[in-house]
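A.B. asks: Below is one structure. I have some questions about it.
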Amino acid sequence: MKLTLGPLLYYWPRQATLDFYNRLADAPVDVIYLGETVCSRRHELRLADWLEIARMLAAAGKEVVLSSQVLVESASDLKTVVRIVEQGQFAVEANDMGAVRLLGAATHRRPWVAGPTLNVFNAATLGLLLDKGAQRWVIPFEMSRGQLEAIRAQLPTPPQIEALAYGRVPLAISARCFTARHFNLQKDTCAFRCIDFADGLPLATQDGQPFLTINGVQTQSARVHNLLAELPSLTGAGVTHLRVSPQGAHTLAVLELFRQTLDGRLTPAEAFAACRPLMPEEPCNGFWHGRPGLEQYVAG
């Protein structure tokens, strides 16, 4: 089983982002996804910068994948997707069906990754993507083990399967920027306030309970989806790649815990216990068990 680092979902200052990826050159991770997937207004790094980081990480022996934007809203957004598809150096993660169309029609078609926001929930749709050249499928964040096993059983040759194993769950994306709205700003004059929140802006209920996390145009869970204790069931369900989503602190330490567990140096239970102090919020695993996502479920 391979360990992957998903694309950075938050907006960090340029130097902090560059320093983060420089440290990943020696990190115990096999695959690294790069690129802006949330908001095209975020401009600390441009595509040329992501490509430079990609070349540095590839030289360090990492498999690099460029991730496309989830919500393409303008002609300039589309031009960026086209440039990502046509760059020719690195594999691409398609996060909307426009990117799928471009990848499927590419003159020199190469294998690509079907991203989680394509929302594939049946074998027929997954089969269409595989016919278009997808070699890896990142399952939807809310997919359960039972749903995954049912789909996999219908495929004559299952693809590589990747699952989010650690990180806040992206629940929705909108044309409206909720961070800007929080500060009574318009989206086009947002002052890039999301750069002030390395792990997003927490939102609580009226009685003070953690509810959601605001990340610009993206809405995330408040709790952190953590499947460290579920590694045996992930393996049993055919998952080949485990995704860790970057967080504002301790990402490398979390990756190390996953690596030690995959290598048999820690039990899943030991690793999960060691991970708790590194998390920005309480854990949850409900989606994997077919339950409400915010639950932390322990099988009896």
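The values are calculated or read from the model by the stated rules, or taken from the named source; none is laboratory data. Everything numeric in this text was worked out from a predicted model, so none of it was measured. Glycine also receives a Cβ, built like all others from the backbone with ideal geometry; neighbour counts cover every protein chain displayed. Protein only, heavy atoms only, side chains kept; ligands, DNA and RNA dropped before computing areas. Shrake-Rupley method; radii C 1.70, N 1.55, O 1.52, S 1.80 Å.
A.B. asks: Would you check which residues across segment 259-278 are under 26 Å from PRO210 (Cα atoms) and touching a residue at least 40 places away in the same chain (Cβ under 8 Å) and list them?
C.D. replies: ALA269, ALA271, PHE272, CYS275
A.B. asks: Can you tell me which residue in segment 1-29 is farthest from VAL217 (Cα to Cα), limited to those that are hydroxyl-bearing (Ser, Thr, Tyr) and free of Cβ contacts under 8 Å to residues at least 40 places away in the same chain?
C.D. replies: TYR21
A.B. asks: Got a sec? Which of PRO202, PRO210, PRO232 is over 27 Å from ASN95 (Cα atoms), touching a Leu at 6+ places or on another chain (Cβ under 9 Å), open to solvent by 50 Å² or more (accessible area, probe 1.4 Å) and of a type outside the set (Ser, Thr, Tyr)?
C.D. replies: Residue meeting the stated conditions: PRO210.
A.B. asks: I'd like to verify a number: residues in segment 1-29 that are touching a His at 6+ places or on another chain (Cβ under 8 Å) and not β-branched (Val, Ile, Thr), how many?
C.D. replies: 3
A.B. asks: Looking at (1) under 20 Å from SER221 (Cβ atoms); (2) open to solvent by 60 Å² or more (accessible area, probe 1.4 Å); (3) more than 21 Å from the chain's Cα centre (by Cα), can you tell me which one LEU128 breaks?
C.D. replies: Every condition holds for LEU128 apart from (1).
A.B. asks: Here's a follow-up. In the set GLU281, GLU295, which member is surrounded by fewer than 19 Cβ atoms within 10 Å (Cβ to Cβ) and without any contact (Cβ under 8 Å) to a residue 12 or more places away in the chain?
C.D. replies: GLU295
A.B. asks: Still on this structure: Among the residues of segment 120-142, write down those that are assigned to a loop (DSSP other than H, G, I, E, B) and more than 25 Å from PRO292 (Cβ to Cβ).
C.D. replies: Within segment 120-142, LYS132, GLY133 meet the criteria.
A.B. asks: Only one of these conditions is not met by ALA48: (1) under 23 Å from LEU257 (Cα atoms); (2) free of Cβ contacts under 8 Å to residues at least 12 places away in the same chain. Which number is it?
C.D. replies: Failed condition: (1).
A.B. asks: Shifting gears a bit: Could you please find all residues in segment 160-193 being within 18 Å of the chain's Cα centre (by Cα) and not small (Gly, Ala, Ser)?
C.D. replies: Within segment 160-193, GLN160, ILE161, GLU162, LEU164, TYR166, ARG168, VAL169, PRO170, LEU171, ILE173 meet the criteria.
A.B. asks: Another question, if that's okay. So which of ALA249, ALA273 ends up being out of contact with any Phe, Trp or Tyr (no Cβ under 9 Å at 6 or more places or on another chain), on the phi < 0 side of the Ramachandran plot and in a helix (DSSP H, G or I)?
C.D. replies: Within the list ALA249, ALA273, the selection yields ALA273.
A.B. asks: Of the residues THR37, THR17, THR4, which single one is of a type in the set (S, T, N, Q) and more than 24 Å from ARG136 (Cβ to Cβ)?
C.D. replies: Answer to the selection: THR17.
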